[in-house]
1. Would you check which residues across the range 120-148 are at pLDDT 95 or above and in a loop (DSSP other than H, G, I, E, B) and list them?
2. Going by the structure shown, is residue 165 crowded, with 22+ Cβ neighbours inside 10 Å, in contact with a strand residue (DSSP E or B) (Cβ under 6 Å, 6 or more places away or on another chain) and not in a strand (DSSP E or B)?
3. Kindly indicate which of 29, 61 is buried (at least 21 other Cβ atoms within 10 Å of the Cβ) and farther than 16 Å from residue 175 by Cα.
4. I need a count of the residues in the range 221-274 that are touching a helix residue (DSSP H, G or I) at 6+ places or on another chain (Cβ under 9 Å), under 19 Å from residue 46 (Cβ atoms) and part of a helix (DSSP H, G or I).
5. For residue 340, only one of the following conditions fails: (1) more than 14 Å from the chain's Cα centre (by Cα); (2) within 15 Å of residue 242 (Cβ to Cβ); (3) free of Cβ contacts under 8 Å to residues at least 60 places away in the same chain; (4) crowded, with 18+ Cβ neighbours inside 10 Å. What is its number?
6. Residue 250 - would you say it is over 22 Å from residue 200 (Cα atoms) and either buried (at least 18 other Cβ atoms within 10 Å of the Cβ) or not assigned by TED's automatic domain parsing to the domain that holds residue 7 (or both)?
C-alpha cells in the first residue's frame, strides 16, 4: 500500500436529531416506549453517538473521487500509471430525494472520468459484495498483481446509505456515508504487504439477513424499497463465522497471534465488534490486548464498504487517539455483510 485517503462528509447527525422521528415496528405498530429511551438503548448496543451524511448535491461517485484524489496525492503517483480502478459499493449513485439507483456507467468509470485519466488501459469496474466489498477488492487487486496483469491498483470503498434508509425504521440510525481509498503497487518483497486472505459466502441459509424491503410505514409507497436487516441473525452469524475466518487467515499467513498489532474490523456495531475480537482471542486462549482494535463507529456510524479503509486512513494519519501503525506491523482486516459474505486479510504494514 503506497497511498491512502478518505472522504468523511461534513454533515453530522447526532442521536438527538432522531428524537422527533416516528419509529415503527416492522408490522407498522408503534414502539412501546419514547424515542429518548429507544435512542439510549441504541447507543448502548451500537456505540454510535453520531454519524455523517453527504451533502445533498453529492453522490457516492463524488465521495469516491475525493477519497481517490487523497490517496493519489498521498502516494505521489502519476494517475496515468494506474492499471485498475476497483470500486466497492452496493447501491450506486442515488440522488438526494430519489429512490432510484444509477449504476450506468459504473461508479468506477465515473471516478476515472472525474480524475481525468486518459489511459484506456486503466480498467475500471465495480464490486458488489456487501460491507466486505473493499477488502474483497483488495484481494482481487493482489490477484491481478500476482498474475502479472497489473502494477498499480486503486481500490475504493464508497457508500451513501443515508439515501436508502427507511426513516421509520430504528435501524436507520446505524447507517452513514463515506468513502475510503488506497493505492496498491506490486512488490518483490515477500515479507510485506498482503500475506494471506480468507473469504466465504454463506448463501444457503443466511443470504437474506440483509435485504431490500418496504417501509415500516404502510402509508409509504409500497414499491419503494429500503435497506433492511435482521440484526439478531447477523450478530449470531458474525460472532460465529468472522473469528474463524480471522483465525484461518492468520494460520495461512505463517504469523502468530502475538505478532498482530492491530485489527481493523468493519464498523457495524460496537458491541458486535467487541464480541468478535473476544471470540477471536478466545480461540487462541488469550485475553484481548489493550488498544488492539481501533474504532470509529462512535462518531462516523456504519458506512458499509467505506468503514475499513476510512478507519485505516485515520489511524495511518494519526487522527485516532492512542492508535498508530509502524513499519512492519502485522495487522488484520476483517468484515461481514450482505450475502452473507465474510473475509479477512493479514497484512504486514
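1. 120, 121, 122, 128, 129, 130, 131, 132
2. Considered against the rule, which asks whether it is crowded, with 22+ Cβ neighbours inside 10 Å, in contact with a strand residue (DSSP E or B) (Cβ under 6 Å, 6 or more places away or on another chain) and not in a strand (DSSP E or B), residue 165 comes out as no.
3. Criteria check complete, one pass: 61.
4. Matching residues across the range 221-274 total 10.
5. (3)
6. no
So that you can scan it fast, the table gives a plain yes or no per residue for (1) closer than 25 Å to residue 196 by Cα; (2) within 20 Å of the chain's Cα centre (by Cα):
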residue: 75; (1), (2): yes, no
residue: 87; (1), (2): yes, yes
residue: 95; (1), (2): no, no
residue: 99; (1), (2): no, no
residue: 103; (1), (2): no, yes
residue: 107; (1), (2): no, yes
residue: 113; (1), (2): no, no
residue: 139; (1), (2): yes, yes
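Conditions (1) under 20 Å from residue 309 (Cα atoms); (2) outside the structural domain of residue 339 (by TED's automatic domain parsing), marked per residue:
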residue: 146; (1), (2): no, yes
residue: 161; (1), (2): yes, yes
residue: 168; (1), (2): no, yes
residue: 176; (1), (2): yes, yes
residue: 198; (1), (2): yes, no
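The values are calculated or read from the model by the stated rules, or taken from the named source; none is laboratory data. Keep in mind the model is a prediction, meaning the values are calculated, not measured. Note: ideal-geometry Cβ built from the backbone for every residue, glycine included; neighbour counts use all protein chains shown.
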